[in-house]
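The values are calculated or read from the model by the stated rules, or taken from the named source; none is laboratory data. Bear in mind the structure is a predicted one, so any value in this text is a computation, not a measurement. Neighbour counts run over all protein chains shown; Cβ positions are idealised from the backbone, glycine included. In case anyone asks, the SASA skips ligands and DNA or RNA and just uses the protein heavy atoms, side chains included. Shrake-Rupley method; radii C 1.70, N 1.55, O 1.52, S 1.80 Å.
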Amino acid sequence: RVIFVGDSITFGIGVEDSESFPRQLEARLREGGDSHIEIWNGGVPGYAMADMLGALRSRVLPLEPALIVLQLSRNDDARPMPLSEAFLESLHYSGLARAWMLFRFQWVTDAELFDRSLLAYLDACEAAHVPLLLLYEGLPGHARQSVVELAARRGIPVINIGQREYPRLSDDPHFDPEGNRRIAERLEPAVREQLEAR
């Protein structure tokens, strides 16, 4: 069982579920004869690093994954913000969700919280003996530096999916079906290697 954790990039905003890179990776692995490998997509739109840490502890580690693939992006230094049910409902029906997310990701950030949450995430996976593979795109400079340095110290593989060879939707920063396909293609050998090393 391989569990992908991340935000809307992993979830697959703007593409069909079968076109998201976790689903495309699972299809590639099965075509290659690895039908025993399950890929679970735990991407949640709007999640930041602190949210992913909470999910790791409460929902991901209890599933006893053989590997976690953690995807990080430009909004991961946002601070978690508990909101009332009424406010959440108004976002759902009013179409203000995008504006709210842009506000949160641009002005309600906390670099130190990102660093603490990332370190706690790596520590929790290490304590549970669950290997990690890290993906990132568009991380702010301080976050990118933290990810690259911490991963190097701990021997965790890191893949940058923010480059131009991963096409995006024409009207949105999320990856299009071809971009998701190329990410799945890039991930396949890294995921196989991590699973074979167990």
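Residue by residue, here is whether (1) exposed (fewer than 14 other Cβ atoms within 10 Å of the Cβ); (2) at pLDDT 95 or above holds:
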| site | (1), (2) |
| --- | --- |
| PHE4 | no, yes |
| GLY14 | no, no |
| ASP34 | no, no |
| GLY43 | no, no |
| LEU56 | no, yes |
| PRO62 | yes, yes |
| PRO65 | no, yes |
| SER73 | no, no |
| ASP76 | no, no |
Suppose the filter is β-branched (Val, Ile, Thr) and farther than 24 Å from ASN41 by Cβ; does VAL148 pass it? yes
Here is a list: PHE175, PHE114. Which entry is surrounded by 14 or more Cβ atoms within 10 Å (Cβ to Cβ), farther than 30 Å from HIS36 by Cα and aromatic (Phe, Trp, Tyr)? PHE114
Looking at (1) within 22 Å of SER20 (Cβ to Cβ); (2) polar (S, T, N, Q); (3) open to solvent by less than 40 Å² (accessible area, probe 1.4 Å), which is the one condition that is false for GLN163? (3)
Quick one: count up the residues across the stretch 123-147 that are touching a strand residue (DSSP E or B) at 6+ places or on another chain (Cβ under 9 Å) and closer than 15 Å to GLY54 by Cβ. 1
If I filter the stretch 24-71 down to residues being touching a strand residue (DSSP E or B) at 6+ places or on another chain (Cβ under 8 Å) and without any contact (Cβ under 8 Å) to a residue 24 or more places away in the chain, which single residue comes out as nearest to LEU195 (Cα to Cα)? GLU26
Looking only at helices (runs of 4 or more DSSP H) that fall completely inside the stretch 2-70, which ones have 1 or more residues that are among the charged types (D, E, K, R) and over 22 Å from CYS125 (Cα atoms)? 21-31
What helices (runs of 4 or more DSSP H), lying completely within the stretch 105-198, carry at least 1 residues that are of a type in the set (S, T, N, Q), touching a residue at least 40 places away in the same chain (Cβ under 8 Å) and closer than 19 Å to ILE9 by Cα? 177-196
